[in-house]
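Quick notes on the structure that follows.
The values are calculated or read from the model by the stated rules, or taken from the named source; none is laboratory data. All values derive from a computational prediction rather than experimental measurement. Backbone-built Cβ (ideal geometry, glycine too); neighbour counts: all protein chains shown. Remember, those area values only see protein heavy atoms, side chains included, never the ligands or the DNA or RNA. Shrake-Rupley method; radii C 1.70, N 1.55, O 1.52, S 1.80 Å.
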Amino acid sequence: MPRKIELSSAYARLTLQSGVAPAAELLRGLTITEAALAEMEFIDASDLAVLFRNYNRCAGDCAWTARLGSQFNIAAHGPLGFAALSAPTLGEALDVMGSLYPSRNTAISARTCVTGSHYVMYVEDRTKEPDFSRWLVEVVLKVIEVLLSTILGHPVGKNVVISFSHPAPPDAAQLIAGYDARVIFDAERDSIGVPLAWRHLPSPLHDESVYRANVIKCREQIAAREQVGSIAIAVRNRLSNHFDTQMLHCGTAQPPPTLEQVADAMHLTARTLIRKLNREETAYKDVLQSLRREYAERLLQDARLKVADVAEILGYREAANFTRAFRRWYGVSPASWRRG
């Protein structure tokens, strides 16, 4: 398993505190002590796999993953959890978990999309350790179910579908009972899906300033860990942070950073940044335009913002320039798109 596949150590600490067995028993086979774990920010996935194997041996049934997932409260996920909980809509809460997960976890990848009648978050294990990957997916999907229940104010019910790619265990009824959603085994992919109509449900817990501030924190954490990863993603995260910051300061918005400014912040020369982006078959202006398009669609859904406000947040000096760009992207003006 690659060394850089890791998770927030908060998950390991909560696992030790679950009460299923003494900490020493759960840490058997590891060189990490409980005291050392308290000082760690991340734990290698292979070490958490040992912890989970010990937990499985002590738990006595297969439903422990659902129980453990329900114990991972919002605070355990740090800025990621607070950003998801304070998001404007239920769908955007899923989007936060599906896009900013690397701030807490690189053992699982995730993404959200529309599939038929559901808005789905797919998760994919990156550890490739058979038992651990299954347990980890079961825990993660329970975490997402709890998040959705918190936003809804009640259990998700059977309209929500949790799909596992692995076969049903011998005592599957116990595991199924650990979830409020409908559970399916032997699915094509691991996922959780909500009815498409729920995607735009306003969250009663929405707080714009808390949401934006924690999204920014997540992106800063990702950027700090991605110096050896995709340069395009690192640039995208920095620009996303800029736009999120401007949303908190509408009326005094600043233009997006230049290529030179981004390169300097990443301790690169502009020429080196251009070359690295070219290797990923993209360019700074392409990353910027792609983000402007995404944010334009998102911001125009906020009735409190005028078209001129959206233009300012996105760094257009004149609203007319934004309107021309929007027509190129969508074939209609921002006002027409909003009405449609």
Exercise for the section: Give just the number: which of (1) crowded, with 20+ Cβ neighbours inside 10 Å; (2) at pLDDT 95 or above does ASN105 not satisfy? Expected result: (2)
Completion exercise
Of those in region 111-127 that are farther than 11 Å from ARG189 by Cβ and in contact with a Gly (Cβ under 7 Å, 6 or more places away or on another chain), the residue surrounded by the most Cβ atoms within 10 Å (Cβ to Cβ) is TYR119
Handout entry: Any hit, region 281-299, residues being open to solvent by 70 Å² or more (accessible area, probe 1.4 Å), free of Cβ contacts under 8 Å to residues at least 24 places away in the same chain and among the hydrophobic types (A, V, I, L, M, F, W, C)
Key = no
Problem - Selected residue (only one of LYS128, LYS158 is assigned to a loop (DSSP other than H, G, I, E, B) and touching a strand residue (DSSP E or B) at 6+ places or on another chain (Cβ under 7 Å)) - result: LYS158
Practice task
Filter region 310-323 for residues that are surrounded by 13 or more Cβ atoms within 10 Å (Cβ to Cβ) and farther than 16 Å from LEU239 by Cα and give the result.
Solution key: ALA319, ASN321, PHE322, THR323
Practice task
Could you list all residues from region 1-58 that are closer than 14 Å to ALA107 by Cα, free of Cβ contacts under 8 Å to residues at least 40 places away in the same chain, open to solvent by less than 30 Å² (accessible area, probe 1.4 Å) and not in a helix (DSSP H, G or I)?
Solution key: ILE43
Completion exercise
If we ask which residues in region 189-236 are open to solvent by 50 Å² or more (accessible area, probe 1.4 Å), β-branched (Val, Ile, Thr) and within 30 Å of GLY157 (Cβ to Cβ), their number turns out to be 1
Handout entry: Qualifying residues in region 306-338 (those that are among the aromatic types (Phe, Trp, Tyr) and in contact with a Phe, Trp or Tyr (Cβ under 8 Å, 6 or more places away or on another chain)) - the one nearest to THR245 (Cα to Cα)
Key = TYR316
Fill in the blank from the handout: If we ask which residues in region 203-253 are at pLDDT below 80, farther than 26 Å from PHE42 by Cβ and in a loop (DSSP other than H, G, I, E, B), their number turns out to be 6
